[in-house]
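Below you'll find the structure, written out as C-alpha cells, and then a few comments.
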Amino acid sequence: MGGNMTVTAAAISATAATDARRLPSDKSRRDKHHAITQAASDMFLAEGFDRVTLDQIAQRAGVSKQTIYSHFADKEALFKAICSELTERLTIPLRKSAAEGDLRSTLTRLGDDALAMMLHPASLDLHRLVISAAVRFPELGHVAYEAGAMRMINDLSTLLVQRSRIGDGIAKPVDDERARILAEQFIGMLRGFHQVRGLLSIKPATPSGRSAYVRACVDLLLRGA
C-alpha cells in the first residue's frame, strides 16, 4: 500500500509539473492569438482586406509568419475570425437586453442597444470592410451576415414566438415564419437611414431623436403583429 501511495504521489507531482509547464504555453498562445487578430483587425480596417499581407500582419503583431499559420489556415480564415470576434463583442448588449421585462420594454431596450451598436465606429468600420471585401470574397460576406444580422433576426424571432404565446404585447400567437418576417422588418427599420448616414460620415441624429425613432419602430412592430 505504501508503494502505491508513493507511485500515486509521484504521478500527481508529475501531472502538476506538466500542468505548470503547459499553462505559460497556453497563455502565450492566447496572447499571440490576440496580438495577431488585433494587428490584422487594425490593418484590415485601415487598408482593406486585399492590400494587407500576412507578412505585414506578422511584423505588426511581433510574431513570425509561421506563427500566424499555426493559428489560422490563411488570410481568409484570419479575416473570418476577426469578423466573428468583432460581431460577438458588438452584439453582447443585444442578448442582455432581451433577458427580462415585458415585450414592449424589451423591444425598446433591444432597439436602443441595436441602433447604438450599428452606429458604433467599430461596427461602421466592420460594415465598410465587409462590403468592400464581399465583392471578391462572397464567403466573407456570408460569415459576417451569419454572425451579425442573421443572429439578431434568429434571436428576435424566437423572442416574438415565445412572448406571443403568452399574449405579451401580441394579441395572438405567431408562427416561426411570421415571427421571422416581423424580426427582419424590425431590424430593417432600426437600420433605416441612421446607418446610411453613419457610413457616409454624416452627422447622426441626437440621442433623443434616436430614442423617439426606436419607440416608433416598436409601435409599428406591435401593431403589425
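All of the numbers you see were taken from the coordinates with simple rules; none came from a lab. For clarity, every value in this text was computed on a predicted model and none was experimentally measured. When we count neighbours, we look across all protein chains shown, and the Cβ atoms used for this are built from the backbone with ideal geometry, even at glycine.
Things worth noting here:
- Criterion: on the phi > 0 side of the Ramachandran plot and touching a residue at least 12 places away in the same chain (Cβ under 8 Å) - qualifying residue of GLY111, GLY101, GLY62: GLY62
- Residue within the stretch 174-186 that is without any contact (Cβ under 8 Å) to a residue 60 or more places away in the chain, of a type in the set (S, T, N, Q), farther than 24 Å from LYS80 by Cα and assigned to a helix (DSSP H, G or I) present: yes
- Note on the stretch 41-144: enclosed helices (runs of 4 or more DSSP H) holding 3 or more residues that are of a type outside the set (Val, Ile, Thr) and surrounded by 15 or more Cβ atoms within 10 Å (Cβ to Cβ) are 54-61, 75-97, 103-119, 121-134.
- None of PHE186, PHE137 is within 21 Å of PHE49 (Cα to Cα) and either aromatic (Phe, Trp, Tyr) or in contact with a strand residue (DSSP E or B) (Cβ under 9 Å, 6 or more places away or on another chain) (or both) except PHE137.
- LEU124 vs. criteria in contact (Cβ under 8 Å) with a residue 24 or more places away in the chain, of a type outside the set (S, T, N, Q) and over 22 Å from ASP74 (Cα atoms): yes
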